[in-house]
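The values are calculated or read from the model by the stated rules, or taken from the named source; none is laboratory data. All figures in this text were calculated on a predicted structure; none of them were measured in a lab. Here Cβ is always computed from backbone atoms with ideal geometry, including for glycine, and neighbour counts include all displayed protein chains. These accessible areas exclude ligands, DNA and RNA; they are computed on the full protein's heavy atoms, side chains included. Shrake-Rupley method; radii C 1.70, N 1.55, O 1.52, S 1.80 Å.
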Amino acid sequence: MAPTTNTASSTAILLIYTGGTIGMIENPETGALEAIDFQYIEAHLPEIKRFDYRVDTYSFDPVIDSSDMGPEGWIKIAEVIRKNYTGYDGFVVLHGTDTMAYTASALSFMMPHLGKPVLLTGSQLPIGVIRTDGKENLLTSIEIAAAKRADGAPMVTEVAVFFNNKLLRGNRTTKSSADLFNAFLSPNCAPLATAGINIHYDEKVLLRGTATEDGLPEIHTDLDPNVMVLTIFPGMPTSVLESTFSTPGLKAVVMQTFGSGNAPLGPEFLGAIRSAVQKGIIIVNVTQCLVGSVNMDRYTTGRTLKEAGVISGHDLTTEAALTKLMHLLGNPDLSFDRVKELMQANIRGEISE
């Protein structure tokens, strides 16, 4: 489907509607929210026409509920951006909130040399509801996507999430509330911008994009989905680990541990970890805590996991760790050791330095 043009201006923004609560309407018979097309959003947001720049729209057909969003959807978003990259100054992706942090993280790794903003936003309430947060989220996202520096370059040149008056780095974001308008947190990275009466950008935090020679973004669409998230819990049977590590085709596991990267030290538990590492499965240690980082040298438990072959995810979010693994493992030119090395390095602003 080709983008639909609304107005004419030298500055142009493309809205990419993938689905999500922002474009849903309540079924009068069941009371359930159901997704409809982008025209519904446009009808409830006439303010879009008041911008002094062009705002065009592209809608997925059919739209995708965020619970169904995954690698295929991420690739489709990236390809829409690549196809339309030269024609627009910025991109706003309307997306369901449940998996928005995963999509933002994935896109940040898939598009390493962005010279323009790619902002994801959505809402907790449908756009047609009186108290919707969707209008403010969408209108401010468009304004940020069109914002320029004094030299005329885009103010934002990375993948970010805008929600509840804050612009957050996409691969530092996690959904923290199912009910509040303040639904997303970036606990280990300061906001890129804060919107009040004015929009204040923190240029110390913003990444500066590096365009390729032809001015087009570099897009990596080879993703390997053979990864898994494993949450450690007290009393976890060793059979759970053994079953996880025996999954056919499994290449890597994001292991959510306690505190600064701690886990049980029982011989059966450690035996299962060592066996998985010896089979060539990459195990990345991330903390279950919202704030803080893995430090595998702080306690005996962390050091023991490190000696067993587990690598530190530092302060990666689970969403970033999972999608980064998919991205790196999908690159046929990267060796096993190189993937492990890059998982512990900051390549897109996803790890604090």
Query raised in the report: In degrees between 0 and 90, to the nearest 10, how far off the longest principal axis of the chain does helix 71-84 point, with axes built from Cα atoms?
Result: 40
Report task. Measure nothing but the geometry: give the 0 to 90° angle between the long axis through the Cα atoms of 318-329 and the longest principal axis through the Cα atoms of the chain, rounded to 10°. Result -> 80
Query raised in the report: Tally Lys and Arg at +1 and Asp and Glu at -1 over the other residues with C-beta under 15 Å from the C-beta of Phe181: what net charge comes out?
Result: +1
Query raised in the report: Setting aside same-chain residues fewer than 8 positions from Lys251, which lysines have a Cα under 21 Å from its Cα?
Result: Lys279, Lys306, Lys324, Lys340
Query raised in the report: How high is the relative contact order of the chain, in percent, with contacts defined as C-alpha pairs under 8 Å that are six or more residues apart?
Result: 14
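Relative contact order for region 234-287: what is it in percent, counting Cα pairs under 8 Å that are at least 6 residues apart?
52
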Report task. Count the net charge of all other residues whose Cβ sits under 11 Å from the Cβ of Ala320, scoring Lys and Arg as +1 and Asp and Glu as -1. Result -> +1
Requested in this report: Give me the percent of DSSP beta bridges within the chain that run antiparallel, rounded to the nearest 5.
Outcome: 35
Report task. Please say if region 135-183 is rounded, prolate or oblate, where rounded means a/c under 1.5 for a ≥ b ≥ c the square roots of the C-alpha gyration tensor eigenvalues, and otherwise the choice is prolate for a/b larger than b/c and oblate otherwise? Result -> oblate
Query raised in the report: Could you give the accessible area per residue of region 197-339, probe 1.4 Å, as a whole number in Å²?
Result: 49
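Return one quarter of the surface area of the convex hull spanned by the alpha-carbon atoms of the chain, equal to its mean projected area, in nm².
One quarter of the hull surface, i.e. the mean projection, equals 19.2 nm².
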Report task. Would you work out the relative contact order for region 147-239, in percent, from Cα pairs under 8 angstrom that are 6 or more residues apart? Result -> 19
Report summary line: Between Leu180 and Asp61, the two model label points (7 Å from Cα along the beta-carbon direction) sit apart by a distance in nm of 4.0
Query raised in the report: All other residues with a Cβ under 9 Å from the Cβ of Ala106 taken together, and with Lys, Arg as +1 and Asp, Glu as -1, what is their net charge?
Result: 0
Report task. Let me have the 222 nm mean residue ellipticity of the chain computed from DSSP H runs of 4+ only, each contributing -39500 (n - 2.57), with the sum over all residues rounded to the nearest 500. Result -> -7500 deg cm²/dmol
Requested in this report: Leaving ligands, DNA and RNA out of it, work out the accessible area of Arg303 with a 1.4 Å probe and give it in Å² to the nearest 10.
Outcome: 100
